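These notes concern the structure reproduced below.
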Amino acid sequence: MAQATTLGELRASSYPDRTVKQELRANLLDRLELGRELFPGILGFDDTVLPGLERGILAGHDLILLGERGQAKTRLVRTIVNLLDDSVPAITGCEVNDHPFRPICARCRDLVAAEGDATPITWLAPDERYSEKLATPDTSVADLIGDVDPIRVAEGRYLADELTIHYGMIPRTHRGIVAINELPDLPERIQVSLFNILEERDVQIRGYRIRLPLDILLVVTANPDDYTHRGRIVSPLKDRFGTQVRTHYPDTPSDEILIMDQETRPLTGGIPVRIPVFMIQAAAVRRAARTHEPEAVPRPIDLSAVLLSSEGRVEFDTVEEGREHDILARALRQAELNVFRRRLSGHDFSGLLGRFDDPSFAVDTSELTPASDLLGGLGDLPGLAKLLERLGVQEESPGVAASALEFALEGLHLSRRLNKDEDGGAARYAGAEDSTAG
Ligand SMILES: [Zn+2]
């Protein structure tokens, strides 16, 4: 059936008149019954976060997501958009997505009064019904709700007339989902305006009282510490969030790796990147470009680049000042050792370690050592196929084989079975003086 293009056609089509929360609830119920994926791309929250979120939506609550930085809160909020109808009707040309059956702006009320069933209708897609804002101390009422338009005032209109309003983000998302990230950073005065518009459905702008009966789902995020800190969220607004959802960091390394893959943007520039599940990428692209390798495969030697890029993103206590690099380096070595033990415990390294029985033998690697040099240095190595199998490598690729070998060398070093000398971006692995340790 063709979509209605006028108010009259819409009435004749018995289009259901429902609020955005009723719409989300109905669509969520349908999908739960059909067993369809509800929050695509959200990993590791199935049993902990999503049930609470679903209950909140079914209850018709505004929602608050509490969690630390990097817990996919914003990503989660955006997936709620998938629960909106594929399209909903609105009065053509309306700044606030007016519902054809119950317009809230003066322009559309006048239009419907004049045109009646001939009032033109357009249809809105889900992404036109979503907006998000990061709260900051300088966020204004004008940003969120609106302002009096001085030009229109100068034209001599009545100041209390809605036509003098320049609408902000929330009215422009009327009939949709409004997300405000880090709500406690919003000044108290703005929080009060937000509460008024949601609860009382009117708001004072520059001393003028404006009535705006908005229909929205409000989803906000906050850091749990800020949220519990007294006074950071004004209590009437706090009471509006019928459902609190606590997020968390990934529970399992495999979820964490999937999330990292999700967050990774390709950096390649034409060189195909192959990512073994135990590594990451930018330094590998640099090596491939510099040494003309056919593909960029990350190796353990590249992890020093991760350290540098992590330092600005990890929060340290003041007592740790000056030791940031050491702390991260230690965490990285521990992580490598954990992965080595998990993936390669019990593996027979006698073929590889046997090479190091010769005290003059050593394997050199660096950020710019190509895979062929690394593999060439070890020659035909018994047990290499088995090692690759243990690491889940299925393809024949010199780059991946070199990465696996370097990972084994590093793991053997961290478990004290090989020596390692480091110099800048280079490393030399040699036989341990006491190879029975570890
Ligand atoms: Zn309107």
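What follows is calculated from the coordinates using simple rules that are stated; it is not laboratory data. On a predicted model such as this, the values are computed, not experimentally measured, just so you know. Because the Cβ atoms are built from the backbone with ideal geometry, glycine has one as well, and the counts that use them run over all protein chains shown.
How big is the C-alpha Rg of the chain next to the rule-of-thumb value 2.2 N^0.38 Å, as a ratio?
Values: Rg = 29.7 Å, N = 438, 2.2 N^0.38 = 22.2 Å.
My calculation over the Cα atoms of the chain gives 1.34.
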Task: Highest average packing first - 23-30, 374-381, 421-428, Cβ atoms within 10 Å - done: 23-30, 374-381, 421-428
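Any idea what the relative contact order of the chain is, in percent, if you count C-alpha pairs under 8 Å spaced at least 6 apart? Can you show the working numbers first?
Working: 641 pairs, mean separation 61.1, N = 438.
Once normalised by length, the contact order is 14 percent.
Dipole magnitude of the chain about its Cα centre, charges +1 at Lys/Arg Cβ and -1 at Asp/Glu Cβ only, in debye to the nearest 20? Display every interim value, and only then the final one.
Details: 50 positive and 71 negative charges, 184 e Å.
So the dipole magnitude of the chain works out to roughly 880 debye.
Net charge within 10 Å of Asp98 by Cβ-Cβ distance, Lys/Arg positive one each and Asp/Glu negative one each, not counting Asp98 itself? Intermediate values should be presented prior to the final figure.
Values: positive: Arg102, Arg107, Arg109, Arg175; negative: Glu95.
With Lys, Arg at +1 and Asp, Glu at -1, the neighbours total +3.
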Task: Positive dipole terminus of the chain, leading residue within Leu28, Leu384, Thr74 (C-beta point charges) - done: Leu28
Task: Convex hull per residue volume in Å³, alpha carbons only, for region 7-246 - done: 124 Å³
TODO: Mark the label point 7 Å from the Cα of Gln244 along Cα→Cβ and return the residues of region 202-232 whose backbone N is within less than 15 Å of it.
DONE: 220-232
TODO: Could you tell me which of Leu7, Pro40, Thr243 has its Cα farthest along the dipole of region 7-246 towards the positive end, charges placed at Cβ (Lys, Arg +1; Asp, Glu -1), taken about the Cα centre?
DONE: Thr243
Open item on the list: Can you compute the modelled spin-label distance between Arg31 and Ser235, with each label point 7 Å from Cα toward Cβ, in nm?
Closed with: 3.7 nm
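Quick one: dipole size for region 7-246, taken about the Cα centre, charges +1 on Lys/Arg Cβ and -1 on Asp/Glu Cβ, in debye to the nearest 20. Walk me through the intermediate numbers first.
Working: 30 positive and 38 negative charges, 87 e Å.
Rounded to the nearest 20 debye, it is 420 debye.
Most exposed first by the Cβ proxy, i.e. fewest other Cβ within 10 Å, how do Tyr249, Tyr429, Tyr130 rank? Working shown, then result.
Details: Tyr249 13, Tyr429 23, Tyr130 19.
In increasing order of surrounding Cβ atoms, one gets Tyr249, Tyr130, Tyr429.
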TODO: Sort the following peptides by mean Cβ neighbour count (other Cβ atoms within 10 Å, averaged over residues), highest first: 82-90, 387-395.
DONE: 82-90, 387-395
TODO: Sort out for me the Cα centre separation of region 14-41 from region 184-202, rounded to whole Å.
DONE: 28 Å
Task: the chain: angle of helix 282-291 to the longest principal axis, Cα-based, in degrees nearest 10 - done: 50 degrees
- [ ] Would you mind counting up the charge near Gln3? Only other residues with Cβ under 13 Å from its Cβ, with Lys and Arg at +1 and Asp and Glu at -1.
- [x] -3
